[in-house]
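The values are calculated or read from the model by the stated rules, or taken from the named source; none is laboratory data. The structure displayed is predicted, hence computed values, not measured ones. Methodologically, a virtual Cβ is constructed for each residue, glycine included, from the backbone with ideal geometry; neighbour enumeration extends over all protein chains shown. Areas reflect the complete protein model, heavy atoms only, side chains present, ligands, DNA and RNA absent. Shrake-Rupley method; radii C 1.70, N 1.55, O 1.52, S 1.80 Å.
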Amino acid sequence: MKNTVVTFKEAKVRNEKLTMLTAYDYSMAKIIDGAGINGILVGDSLGMVCLGYEDTLSVTMEDIIHHTKAVSRGAKNSLIVADMPFMSYQTSIYDSVVNAGRLIKEGRAQVVKLEGGVEVCDKIEAIVKASIPVMAHIGLTPQSVNAFGGFKVQGKSEEAARKLIEDAKAVEKAGAFAVVLECVPAKLADIITKEINIPTIGIGAGVNCDGQILVYQDMLGMFNDFTPKFVKKYANVGEIMNMAFRKYIDEVRDGVFPEEAHTFKISDEVLEKLY
Ligand code: KIV
């Protein structure tokens, strides 16, 4: 069954948890989709986990479109969410609608995600008016890393907590169908989840959000440059890959691979004619 924005809205009403992971290519999208996930985010985290940047700021529209195309070819049942990269919507309402449209038309995403609260509500409204569903993202919004002075938990003071509640209500009012809460104290995320009618998707926001999202390289143990506190490693795939690569290198060097089963044959009759 294809997941849609309606699936997300109904899950909140039914008190059913939503599951999301990131993906950036066809093969991984196919595996994650096949496991039965509700949504796949082509996150601008691709800048860090796929392209090796130290933050998400250099990710371009072309990067996200390129990866969203691959993911949308691999995932058939998940809701595909494409991240709007830094400066693709902050500049103007016009840019935000044009760029959101490109992620749908060229990338074949069904939904776009953008970061920010009250200050981006005019953009959310305009994109939603263009019939493009928007997932909002508040709390730690990595595109504001320079404004925050680092990747830090948000909403810890009374003022900051009130601002986050206000942001959540504002993005809901602007028409967002769901909102990501990143690095928000669990009890505050719980309050926000109860105060709004759209699903909250948590990452580092505790168990009471309506759903959860993780970056797949983090949860599979494939990205070890740093590991945020909120990551649970469900497997150590990086280590398994390392072992497989080492074995391959050894076998090639020792002449063990390729074996008979991996080689193609030519008839003796043809061979003889070659001498
Ligand atoms: O880019 C991303 O992967 C994200 C998630 C961490 C929510 O925005």
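Rounded if a/c is under 1.5, else prolate if a/b beats b/c, else oblate: with a ≥ b ≥ c from the C-alpha gyration tensor eigenvalues square-rooted, which is the range 5-236?
It comes out rounded by the Cα gyration axes.
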Solvent-accessible ranking of Ile266, Ile249, Ile165, largest area first, probe 1.4 Å: Ile266, Ile249, Ile165
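Working out 0.36 nm times the residue gap between Glu158 and Lys9, then minus their Cα-Cα distance, what length gain in nm do you get to one decimal?
Roughly 50.7 nm would be gained on extension.
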Among the listed pairs Lys105/Lys169; Lys9/Lys113; Lys173/Lys194; Lys76/Lys129; Lys17/Lys187, which have their C-alpha atoms separated by more than 19 angstrom in this model? Lys105/Lys169; Lys76/Lys129
Computed from the beta carbon distance with a Förster radius of 35 Å, FRET efficiency for Glu195 and Val237 to the nearest 0.05 stands at 0.40
For Gly204, residues with placed amide H under 5 Å, excluding near neighbours: Cys183
Compute, for Tyr234, the solvent-accessible surface of its heavy atoms (probe 1.4 Å) with the complete set of protein chains present, and express it in square angstrom to the nearest 10. 140
Going highest first, how would you order 204-211, 10-17 by mean Cβ packing within 10 Å? 204-211, 10-17
With all protein chains modelled, accessible area of Leu51 [1.4 Å, Å²]: 80
Solvent-accessible area of Asp63, probe 1.4 Å, all protein chains present, reported in Å² to the nearest ten, please. 40
Computed [θ] at 222 nm, helices only, for the chain once each DSSP H run of length n ≥ 4 contributes -39500 (n - 2.57): -12500 deg cm²/dmol
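Taking every DSSP beta bridge with both residues inside the range 5-236, roughly what % is antiparallel (nearest 5)?
Bridges in the range 5-236 that DSSP calls antiparallel: roughly 5 percent.
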Sum up the charges of everything whose Cβ sits under 9 Å from the Cβ of Ala75, counting Lys and Arg as +1 and Asp and Glu as -1, but leave Ala75 out. +2
Using θ = phi - 60° and the Karplus relation 6.51 cos²θ - 1.76 cosθ + 1.60, list the HN-Hα couplings for the range 156-164 in order, rounded to whole Hz, with x at every Gly or Pro. 7, 8, 4, 4, 5, 5, 4, 4, 5
